[in-house]
Each structure stands twice: as structure tokens, then as C-alpha cells.
Amino acid sequence: MIIQKTREEIELMRESALIVSKTLGMIASEIKEGVTTLYLDKLAEEFIRDHGAVPSFLGLYDFPNSLCMSPNAQVVHGIPNNTPLKNGDVISVDCGAFKNGYHGDHAYSFEIGEVAPETKKLLQVTKESLYVGIREFKAGNRVEDVGNAIQKYTEAHGYGVVRELVGHGLGQKMHEAPEMPNYGKRGRGKLFVEGMVVAIEPMINMGTKNIKQLKDGWTILTADGKPSAHFEHDVALIDGKPEILSTFYYIYKALGIESNEEDEFRKVPLVL
């Protein structure tokens, strides 16, 4: 069952989402060659708690850490460890924060040093596909309209769209209805309704769409060992249109990137 949120609830969710956004911005300032993902995970947990929230992922389904950190051929759900990051790596950092009874949850794929051009393109196209999908989250559309848009955009570049892992509704629980796949046929799935909040998160592989799981019970890998990319925003349906509750602004500020990619999804300028 889809749980519609009031405007007041959406504002509480925006606060949780922005704590995640600020955490990812802090990570952007710290993530570099030689740093371990376990070190970054500890920084993130402290940062989230210092902002009056608790890490959503820590203990969720018994996950052992505050961040999911998934480098290179890892798609999602990577467990932080003591292996230093290397020049040329790419890594998905997925973060959640719980405050005032609501979750925020979003992700960004970072480049470490000099990344291969074909891998940079994978990240670029995957991030572009996130906004392609968000545009379809509007009154009158259905769940698979979003997935179809993401699938068509990424498959046109020859990439594989992961089937087994999907986005989701978000609220007082980390995972609510509906599931939000990154593939599908137009006109299928649940109808979008006012007050919905979802996490849209393309998980796109350079090669095959097929995946496998490590024996740790968490880490998901591409079946062919090629890189994967993952970007995620929290989005509310307000007055029939998508409004992004999260932001990559803090990441871009840390990395010196200028971008207006989020502007079309905000009624008013982001208050920071």
C-alpha cells in the first residue's frame, strides 16, 4: 500500500534527506586515493549523529555499517573495509539518515583520481538517467514509466540495467511501497498519487545486466566484473510534479563542480 505524506511530513523527510546530502558532501571532501572505506564509514556515522539523526543502514536487516560502499564491479551493498582506495577506482556511496521519524536515503558514485574515459561516461550516463526517470514521476504516470525511461536511456548506450535491485517508496520505513524498478513498459505498475515519496536509483552496469552476490550475504557484483554506477535521489510528488528532497549540491561544492541539473525539480531555491 502506498503511504501518502502530508506537506508537513514531506518537510520532515526533506530534513532527513538533507542530512544525507550533507554527509555525502563531507565524504566528497575526504574520499581519495589511500583512504579506506571503513574510515569514511566511521566519519559518516559521527557526522549523522552530530546532526541529530541516526544512521538508517546500521543494523537494518543486520547490515553492519552506516554506509554501503561499493567500488568498481560492486553494484551496491558493499561492506566498508580496510582496503585503501586506488587511483582509477569508482565507488558508489549509499547513505541513510533517520530523524523525526522519517528516513532520508540517497547515493552518489565518486571518481578516485584519474578514471578511465569509458568509466567516466558510464557514471555520466547513469546520473543523467536518474533525472530522465525523475521527469516521469508525475501525476497520471505509473511506476514503470519511470523504469522504462531509465532503461531506454541507458540501454541506448549499450549498458546493462540491473533487474534484481530496485528503488522504493520511503517514509517512516526505509523500504515502502511501491518498488521502483529501473526497467519496464510504459503504462504499467501502480499509479502515482499526490504525496508519494520515492527513492529513484538507477543501478547501471557497463556490460551485462546480470549480477552475483558475495558469500558475505550483502555485496552485489556485476557478473562479468565490469564497473557499475549508482545514483539516487529522494523525490516527492507535489502538485502533480516531482520535487527532489535530496541534493548533490554539497558534493559539487566539495568537488568544485558547477551544476544546475536539479533546478527544474524545485519550486523554490534550495535553502541551505
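The values are calculated or read from the model by the stated rules, or taken from the named source; none is laboratory data. Remember, predicted model here, so these are calculated numbers, not experimental data. Heads up, the Cβs are rebuilt from the backbone with ideal geometry, glycines too, and the neighbour counts pull from every protein chain shown. Ligands, DNA and RNA are stripped out before the accessible areas are found, and what is left, the full protein with its side chains, is counted by its heavy atoms. Shrake-Rupley method; radii C 1.70, N 1.55, O 1.52, S 1.80 Å.
Kindly check whether there is at least one residue in region 24-34 that is aliphatic (A, V, I, L, M), outside any loop (DSSP other than H, G, I, E, B), without any contact (Cβ under 8 Å) to a residue 24 or more places away in the chain and in contact with a helix residue (DSSP H, G or I) (Cβ under 8 Å, 6 or more places away or on another chain).
Applying the first criterion (aliphatic (A, V, I, L, M)) to region 24-34 yields 24, 26-28, 31.
Applying the additional criterion that residues be outside any loop (DSSP other than H, G, I, E, B) yields 24, 26-28.
Of the ones still in play, those that are also without any contact (Cβ under 8 Å) to a residue 24 or more places away in the chain are none.
No; the residues of region 24-34 include none that is aliphatic (A, V, I, L, M), outside any loop (DSSP other than H, G, I, E, B), without any contact (Cβ under 8 Å) to a residue 24 or more places away in the chain and in contact with a helix residue (DSSP H, G or I) (Cβ under 8 Å, 6 or more places away or on another chain).
Could you tell me whether region 254-265 includes any residue that is on the phi > 0 side of the Ramachandran plot, in contact (Cβ under 8 Å) with a residue 24 or more places away in the chain and open to solvent by less than 70 Å² (accessible area, probe 1.4 Å)?
From region 254-265, those on the phi > 0 side of the Ramachandran plot are 256; that's our starting set.
From what is left, the residues that are in contact (Cβ under 8 Å) with a residue 24 or more places away in the chain are none.
No, region 254-265 contains no residue that is on the phi > 0 side of the Ramachandran plot, in contact (Cβ under 8 Å) with a residue 24 or more places away in the chain and open to solvent by less than 70 Å² (accessible area, probe 1.4 Å).
Does Glu243 satisfy the criteria of being under 30 Å from Asp89 (Cα atoms), open to solvent by less than 50 Å² (accessible area, probe 1.4 Å) and not polar (S, T, N, Q)?
Details: under 30 Å from Asp89 (Cα atoms): no; open to solvent by less than 50 Å² (accessible area, probe 1.4 Å): yes; not polar (S, T, N, Q): yes.
Against the criterion (under 30 Å from Asp89 (Cα atoms), open to solvent by less than 50 Å² (accessible area, probe 1.4 Å) and not polar (S, T, N, Q)), Glu243 does not qualify.
For (1) under 19 Å from the mean Cα position of the chain (by Cα); (2) at positive phi, each residue gets a yes or a no:
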site: Glu11; (1), (2): no, no
site: Thr36; (1), (2): no, no
site: Tyr39; (1), (2): no, no
site: Lys42; (1), (2): no, no
site: Ile48; (1), (2): yes, no
site: Gly52; (1), (2): no, yes
site: Pro80; (1), (2): yes, no
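Considering only residues of region 10-29 that are touching a strand residue (DSSP E or B) at 6+ places or on another chain (Cβ under 7 Å) and open to solvent by 40 Å² or more (accessible area, probe 1.4 Å), which is farthest from Asp50 (Cα to Cα)?
It comes out as Leu12.
Yes/no matrix, rows are residues, columns are (1) aliphatic (A, V, I, L, M); (2) surrounded by fewer than 18 Cβ atoms within 10 Å (Cβ to Cβ); (3) free of Cβ contacts under 8 Å to residues at least 60 places away in the same chain:
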| residue | (1), (2), (3) |
| --- | --- |
| Cys95 | no, no, no |
| Phe98 | no, no, no |
| Gly104 | no, no, no |
| Ile112 | yes, no, no |
| Lys127 | no, no, no |
| Phe137 | no, no, no |
| Gly158 | no, yes, yes |
